[in-house]
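Down below is the structure, laid out as C-alpha coordinates.
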Amino acid sequence: MKKRKQIALVAHDNRKKNLIEWVEYNWESLIPHRLYCTGTTGTLVEKAFLSKIENQKDGKKYTKSDLDLKKLKSGPLGGDQQLGALIAEGGIDMMIFLWDPMEPQPHDVDVKALTRIAVLYNVPLANNRSTADYMISSSLFESEYVPRLKDYSEYINRKV
(Lines give C-alpha, C1' and ligand atoms only; values in the text may rest on other atoms or scores of the structure.)
Protein backbone atom coordinates (compact mmCIF):
# COMPACT_ATOMS: atom_id res chain seq x y z
CA MET A 1 0.00 0.00 0.00
CA LYS A 2 1.57 3.26 -1.06
CA LYS A 3 1.32 6.50 0.85
CA ARG A 4 -1.35 7.68 -1.61
CA LYS A 5 -4.22 5.28 -0.98
CA GLN A 6 -6.90 3.99 -3.33
CA ILE A 7 -10.08 4.30 -1.29
CA ALA A 8 -13.52 2.90 -2.08
CA LEU A 9 -16.51 4.89 -0.78
CA VAL A 10 -19.86 3.10 -0.91
CA ALA A 11 -23.19 3.69 0.83
CA HIS A 12 -26.67 2.27 0.63
CA ASP A 13 -29.47 4.80 0.04
CA ASN A 14 -30.38 5.21 3.73
CA ARG A 15 -26.70 5.73 4.63
CA LYS A 16 -25.64 8.11 1.85
CA LYS A 17 -26.32 11.16 4.04
CA ASN A 18 -24.04 9.73 6.75
CA LEU A 19 -21.26 9.07 4.24
CA ILE A 20 -21.53 12.56 2.73
CA GLU A 21 -21.38 14.15 6.20
CA TRP A 22 -18.28 12.05 6.93
CA VAL A 23 -16.69 13.02 3.60
CA GLU A 24 -17.42 16.71 4.19
CA TYR A 25 -15.82 16.53 7.63
CA ASN A 26 -12.76 14.61 6.37
CA TRP A 27 -12.41 16.00 2.85
CA GLU A 28 -8.94 17.47 3.35
CA SER A 29 -7.63 14.12 4.59
CA LEU A 30 -9.26 12.29 1.68
CA ILE A 31 -8.48 14.58 -1.28
CA PRO A 32 -4.81 13.55 -1.69
CA HIS A 33 -5.97 9.97 -2.35
CA ARG A 34 -7.63 8.24 -5.32
CA LEU A 35 -11.32 7.62 -4.62
CA TYR A 36 -13.64 5.04 -6.14
CA CYS A 37 -17.40 5.24 -5.67
CA THR A 38 -20.37 3.27 -6.86
CA GLY A 39 -23.33 4.87 -8.61
CA THR A 40 -25.19 7.73 -7.03
CA THR A 41 -22.76 7.77 -4.12
CA GLY A 42 -20.04 8.93 -6.52
CA THR A 43 -22.13 11.84 -7.76
CA LEU A 44 -22.92 12.91 -4.18
CA VAL A 45 -19.30 12.56 -3.05
CA GLU A 46 -18.09 14.58 -6.04
CA LYS A 47 -20.64 17.32 -5.30
CA ALA A 48 -19.56 17.44 -1.64
CA PHE A 49 -15.87 17.75 -2.59
CA LEU A 50 -16.49 20.43 -5.20
CA SER A 51 -18.52 22.45 -2.70
CA LYS A 52 -15.70 22.25 -0.15
CA ILE A 53 -13.10 23.17 -2.77
CA GLU A 54 -15.13 26.17 -3.99
CA ASN A 55 -15.80 27.43 -0.45
CA GLN A 56 -12.23 27.39 0.80
CA LYS A 57 -11.13 30.57 2.54
CA ASP A 58 -8.27 32.79 1.41
CA GLY A 59 -5.09 30.95 0.53
CA LYS A 60 -6.91 28.12 -1.27
CA LYS A 61 -5.03 24.89 -1.04
CA TYR A 62 -6.98 22.64 -3.42
CA THR A 63 -8.54 22.98 -6.88
CA LYS A 64 -11.02 20.83 -8.79
CA SER A 65 -8.15 19.11 -10.59
CA ASP A 66 -6.87 17.78 -7.24
CA LEU A 67 -9.95 15.57 -6.92
CA ASP A 68 -9.18 12.09 -8.28
CA LEU A 69 -12.54 10.34 -8.26
CA LYS A 70 -13.60 7.35 -10.34
CA LYS A 71 -17.34 6.67 -10.50
CA LEU A 72 -18.34 3.06 -11.09
CA LYS A 73 -21.78 1.70 -11.95
CA SER A 74 -24.55 1.61 -9.37
CA GLY A 75 -24.10 -1.31 -6.95
CA PRO A 76 -27.12 -3.32 -8.15
CA LEU A 77 -26.14 -2.67 -11.78
CA GLY A 78 -22.65 -4.11 -11.44
CA GLY A 79 -20.76 -1.53 -9.39
CA ASP A 80 -20.29 -3.99 -6.51
CA GLN A 81 -18.70 -6.45 -8.94
CA GLN A 82 -16.50 -3.73 -10.45
CA LEU A 83 -15.28 -2.85 -6.98
CA GLY A 84 -14.73 -6.52 -6.12
CA ALA A 85 -12.62 -6.93 -9.27
CA LEU A 86 -10.53 -3.89 -8.30
CA ILE A 87 -9.93 -5.42 -4.87
CA ALA A 88 -8.93 -8.77 -6.39
CA GLU A 89 -6.48 -6.96 -8.71
CA GLY A 90 -4.92 -5.01 -5.82
CA GLY A 91 -6.51 -1.73 -6.91
CA ILE A 92 -8.22 -0.86 -3.61
CA ASP A 93 -6.31 -0.22 -0.38
CA MET A 94 -9.25 0.42 1.93
CA MET A 95 -13.03 0.60 1.76
CA ILE A 96 -15.64 2.64 3.59
CA PHE A 97 -18.94 0.85 3.00
CA LEU A 98 -21.83 2.24 5.01
CA TRP A 99 -24.46 -0.41 4.46
CA ASP A 100 -27.96 -0.28 5.86
CA PRO A 101 -28.53 -2.99 8.47
CA MET A 102 -32.24 -2.12 8.76
CA GLU A 103 -33.32 -2.57 5.15
CA PRO A 104 -33.16 -5.68 2.98
CA GLN A 105 -31.24 -4.99 -0.20
CA PRO A 106 -32.29 -6.42 -3.57
CA HIS A 107 -28.62 -7.06 -4.31
CA ASP A 108 -27.76 -8.52 -0.89
CA VAL A 109 -25.81 -11.37 -2.50
CA ASP A 110 -23.59 -8.81 -4.28
CA VAL A 111 -23.02 -6.93 -1.02
CA LYS A 112 -22.02 -10.13 0.76
CA ALA A 113 -19.65 -11.03 -2.10
CA LEU A 114 -18.04 -7.58 -1.95
CA THR A 115 -17.45 -7.69 1.79
CA ARG A 116 -16.18 -11.28 1.46
CA ILE A 117 -13.62 -10.32 -1.18
CA ALA A 118 -12.44 -7.38 0.95
CA VAL A 119 -11.85 -9.74 3.89
CA LEU A 120 -10.23 -12.35 1.63
CA TYR A 121 -7.69 -9.81 0.34
CA ASN A 122 -7.15 -8.23 3.78
CA VAL A 123 -8.52 -4.82 2.72
CA PRO A 124 -9.38 -2.62 5.70
CA LEU A 125 -13.17 -2.26 5.71
CA ALA A 126 -15.28 0.21 7.68
CA ASN A 127 -19.01 -0.41 7.86
CA ASN A 128 -19.76 2.51 10.17
CA ARG A 129 -18.49 6.05 10.76
CA SER A 130 -16.63 5.22 13.95
CA THR A 131 -14.51 2.59 12.22
CA ALA A 132 -13.95 4.95 9.27
CA ASP A 133 -12.74 7.60 11.73
CA TYR A 134 -10.32 5.14 13.30
CA MET A 135 -9.00 4.12 9.89
CA ILE A 136 -8.21 7.61 8.61
CA SER A 137 -6.84 8.80 11.96
CA SER A 138 -4.37 5.91 12.11
CA SER A 139 -0.70 6.72 11.50
CA LEU A 140 -0.83 4.02 8.80
CA PHE A 141 -3.24 6.14 6.75
CA GLU A 142 -0.53 8.64 5.82
CA SER A 143 2.30 6.16 5.36
CA GLU A 144 3.23 3.17 3.27
CA TYR A 145 1.93 -0.12 4.58
CA VAL A 146 2.37 -3.70 3.46
CA PRO A 147 -0.60 -5.81 4.53
CA ARG A 148 0.00 -9.50 5.14
CA LEU A 149 -1.87 -11.64 2.68
CA LYS A 150 -2.77 -15.23 3.25
CA ASP A 151 -1.02 -17.64 0.92
CA TYR A 152 -3.71 -19.40 -1.08
CA SER A 153 -1.29 -21.43 -3.23
CA GLU A 154 -2.36 -24.69 -1.56
CA TYR A 155 -5.97 -23.94 -2.49
CA ILE A 156 -5.05 -22.83 -6.01
CA ASN A 157 -2.89 -25.93 -6.63
CA ARG A 158 -5.27 -28.48 -5.09
CA LYS A 159 -6.20 -31.52 -7.11
CA VAL A 160 -9.75 -31.48 -8.38
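Charges were assigned to the Cβ only: +1 to each Lys and Arg, -1 to each Asp and Glu. The resulting dipole of the range 1-69 about its Cα centre is roughly 260 debye.
Restricting attention to the range 52-160, which trypsin sites (Lys or Arg not before Pro) occupy a DSSP loop and are surrounded by at most 11 other Cβ atoms within 10 Å? Those that pass, being in a loop and sparsely packed, are 57, 60, 61, 148, 150, 158, 159.
Multiplying the residue separation of residue 40 and residue 134 by 0.36 nm and subtracting their alpha-carbon distance yields 31.3 nm.
The string of couplings for the range 72-77 from the Karplus curve (6.51, -1.76, 1.60, θ = phi - 60°) is 9, 5, 4, x, x, 9 Hz, one whole number per residue in order, with x for Gly and Pro.
Per residue, the chain reaches -12500 deg cm²/dmol at 222 nm when only DSSP H runs of four or more residues are counted, each adding -39500 (n - 2.57). Amide H contacts under 5 Å for residue 35: 7, 68, 69, 70, restricted to partners 5 or more places along the chain or on a different chain, H placed in the peptide plane at 1.01 Å from N. All other residues whose Cβ lies under 14 angstrom from that of residue 126 are scored, Lys and Arg at +1 and Asp and Glu at -1, for a net of +1. Taking the Cα centre of the range 78-132 as reference, the dipole from Cβ charges on Lys and Arg (+1) and Asp and Glu (-1) amounts to some 160 debye. How much accessible area per residue does the range 58-136 have, in Å², with a 1.4 Å probe? Here the residues of the range 58-136 average 59 Å² of exposed surface.
By its C-alpha gyration tensor, with a ≥ b ≥ c as the square roots of the eigenvalues, how is the range 1-94 shaped: rounded for a/c under 1.5, else prolate for a/b larger than b/c, else oblate? The shape class here is oblate.
Of 29, 91, 42, which is farthest towards the positive pole of the chain's charge dipole, taken about the Cα centre with +1 and -1 on the beta-carbons of Lys, Arg and Asp, Glu respectively? Projecting each Cα onto the dipole axis, the largest value belongs to 91.
Under 1.5 on a/c is rounded, so check that first for the range 74-134, then, if it is not, pick prolate when a/b is larger than b/c and oblate when it is not; a ≥ b ≥ c are the square roots of the alpha carbon gyration tensor eigenvalues. Oblate.
Which percent of the accessible area of the range 1-85 is formed by carbon and sulfur heavy atoms (probe 1.4 angstrom)? Of all accessible area on the range 1-85, carbon and sulfur atoms account for 46 percent.
With contacts taken as Cα pairs under 8 Å and at least 6 residues apart, the chain reaches a relative contact order of 30 percent.
The values are calculated or read from the model by the stated rules, or taken from the named source; none is laboratory data. These numbers come from a predicted model, not from an experiment. In this analysis, Cβ positions are derived from the backbone assuming ideal geometry, glycine residues included, and neighbour counts consider all displayed protein chains. Note: areas computed on protein heavy atoms with side chains; ligands, DNA, RNA excluded. Shrake-Rupley method; radii C 1.70, N 1.55, O 1.52, S 1.80 Å.
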